Amino acid sequence: MSALSYLDAGRLALQQEMRRDPLVWALGEDLGRGGVFGQYRGLVEEFGPERILDTPISEAAIMGTAVGAALVGTRPVVEMRFSDFALCAVDELVNQAAKARYMFGGQGRVPLVVRQPSGMWRSSAAQHSQSLEAWYAHIPGLVVVTPATPADNFGLLKAAIRCDDPVVYMEHKDLWGVTGEVDDSAPPLPLGKARLARRGEDATIVTWSGMLRVVEATADLLKGDASVEIIDLRTLYPWDRDAVLSSAKRTGRLLIVHEAVETGGFGAEIAASAGEALFGDLKAPVRRLGAPRIPIPYAPPLEDICRVNPAQIADAVRGLLR
Amino acid sequence: MAGPVRANFDAERMLGHYRLMNRIRAFEETAEAALKAGEVKGAIHLSIGQEAIATGVCANLQRDDLIASNHRGHGHTIAKGASPAAMMAELFGRATGTCQGKGGSMHIADFAIGMLGANGVVGAGILIAVGAAQGVKLRREPRVVACFFGDGAINRGPFLEGLNWAKIYTLPVLFVCEDNGFAATTRTASLTAGGGPDARAASLGIPATIVDGNDVAAVDDAARELVARIRAGSGPQFLLARTYRLKGHTAADVAAYRSAEEVAAKQQDEPLRRCAEALALNGVGADRLAGVVAAARDEMAAAADAARAAPWPDRALAWADVQDVGAPVEAAR
């Protein structure tokens, strides 16, 4: 075990997987100089420019060529720089990567990982801040992973690289510098299994990615008033329905907190599932908290309107308990 | 329009081309009839009139080489070596189809013979082909990837991104632009700025070889040279083959946007006719040529009969091959 940042944990996972399997390679803009956030620092020196490929600013080609390269048996790790930019490559991801195996009747696999740094970090405005995970969870064929801790960024990225399906891997930009204990010999984590981040009795909060820290801080504030169970979903597709529903059934109260826009967000899927499965078991209506449906503004006081904050979460929990 | 008697005329090779072009033509005509009869569903895009390009290019590919195709891909797929019977069954949506009936005309693929898929999105196959070339290069495999697309695709971003990409990484790709003059139901020239596909390719450092795409021997010769350059490590090459789409955009399109006179004139120039004339001039008898036509028709009629008799895919196949992690479960419905 050693303390690693979320960023370095991801880098170590990729490095280990590239050492393990010569068919794993990475492509994206500026990777030869470590990538825009430094997630690839040092890797070109070890693996060379063919496996740490510096690409033009051609998002469609980055994703589309990865599909072709995956179909001939390599395992590309696609760096999209910002999840917002991945929208330039949606045909390649949604129409090609996600569907190739199915359309071709099981011929071919597309074992690629699409790293999409996501979420708000201070004042990056409307085109560098979005959380679009629900879009991809909607698409058959894709796996959607949203790591919230350094240890998970290590274990989930390794799992994503070994997965034979196309994986949308959304690292939160505000977490790059967060440090935590990482066992660098740990095996890959199972995809589709949530993590019980905190045990509690009165209410269940389901969250993921950057909101986990905010939810944990809120639960600390609520200590004495409410015992909150926190589930870090880790993957949105497949999502750990059993973990969420069994916890909500036990506590009788469910709140879903995510950074993405609330309308049509993945919280709606979880809330609907809980409503269908637990109608008679819940002590209060299921609650959701997400961003308002506005583009993310630049000015800090305006941007903060888009952030779900501890006061809102605490109010929602108190409301569930009322 | 038969062309001169060639000094180095290879009658057997030309006859092989004629046989393959007739098989493609017969496949398309059989599919068209089945569509009109309601046996084939959805949209199919016929390559009638463009058979020489698929034939001439694939004549220079090995089984291990790869192709990526577009929505008008039946000819490419047959030319690369796929079974027309399995393809026909795919069009009929049957379990015996190349894709178990799950893809249909626009998603035919046959990985066993290096066919990485038709594509429903114009230009999308370009990036898949370029990526496949990057993959085989990474694996140190000596394979060539041929990429078929139409003149309409040059107005999509992947054309620019893919050609640039192939050039900067010196990838083993043969870009084959089948210029049939139409982007869906609109004349491409009316929507395309600048000098066209060859000018755009040249601007990215990939000079085009321009060929009469209805002259199968000319396509064959040009493709042989370009594939040889790729195998020698020269990186991507570009073949611009000018042709004419004798049918509409889809089989349901009557193509009222062009005159009957125009189409009639183009019929005189179509590749099977020209190939037959060249063979006749070089001493191949009419009986032999007629036999080729009849055999192709018989083969495709039998393919359609087999498809008609084949079973529908089992319902469980709808849930198969979506993904391994989080695979959908039929019982969950």
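At a glance:
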{"read-out": "In order through the stretch A:250-263: 3J(HN,Hα) via Karplus (6.51 cos²θ - 1.76 cosθ + 1.60), integer Hz, x for Gly, Pro", "value": "6, 7, x, 9, 9, 10, 10, 10, 9, 6, 5, 3, 5, 5"}
{"read-out": "Sites A:SER227 and A:MET1 - FRET efficiency at Förster radius 35 Å, r taken between beta-carbons, to 0.05", "value": "0.75"}
{"read-out": "Gaussian network model of chain B, Cα within-10 Å springs - most flexible of B:ARG274, B:ARG315, B:ARG231", "value": "B:ARG315"}
{"read-out": "Backbone HN-Hα couplings from phi across the stretch B:172-187 [Karplus 6.51/-1.76/1.60, Hz, Gly and Pro as x]", "value": "x, 10, 9, 7, 10, 9, 8, 8, 9, x, 10, 9, 6, 10, 10, 5"}
{"read-out": "Shielding by partners - mean other protein chain Cβ count within 10 Å, residues of A:134-143", "value": "2"}
{"read-out": "Highest-MSF residue in chain A out of A:ASP240, A:ASP183, A:ASP232 [GNM, Cα springs under 10 Å]", "value": "A:ASP183"}
{"read-out": "Cα-derived Rg over Rh, computed across the protein assembly as shown with Rh taken as Kirkwood radius", "value": "1.05"}
{"read-out": "Cβ-based exposure ranking for B:SER105, A:SER247, A:SER2, B:SER47, in which fewest neighbours within 10 Å come first", "value": "A:SER2, A:SER247, B:SER105, B:SER47"}
{"read-out": "Least to most buried among A:CYS88, B:CYS58 (fewest other Cβ within 10 Å first)", "value": "A:CYS88, B:CYS58"}
{"read-out": "Sparse-neighbour loop sites [chymotrypsin sites (Phe, Trp or Tyr not before Pro); the stretch A:16-90; at most 11 other C-beta within 10 Å; DSSP]", "value": "none"}
{"read-out": "Relative pair counts by distance (%), Cα atoms of the stretch B:233-333, 10 Å bins", "value": "10, 18, 23, 24, 16, 7, 1"}
{"read-out": "Kirkwood hydrodynamic radius over Cα pairs of chain B, then Stokes diffusion coefficient at 25 °C and 0.890 mPa s, in µm²/s", "value": "121 µm²/s"}
{"read-out": "The stretch B:256-263 - phi-based ³J(HN,Hα) in whole Hz, Karplus 6.51/-1.76/1.60, Gly and Pro as x", "value": "6, 7, 9, 8, 4, 5, 4, 5"}
{"read-out": "Order of A:ILE161, B:ILE44 under a 10 Å beta carbon neighbour criterion, fewest first", "value": "B:ILE44, A:ILE161"}
{"read-out": "Structure-based [θ]222 nm, chain B - -39500 (n - 2.57) summed over DSSP H runs of at least 4, per residue, nearest 500", "value": "-13500 deg cm²/dmol"}
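Every number in this text was worked out from the coordinates using simple rules, so none of it is lab data. Predicted model only: the values in this text are computed from it and were never measured. No Cβ is skipped: glycine too gets one built from the backbone with ideal geometry, and neighbour counts run over all protein chains shown.
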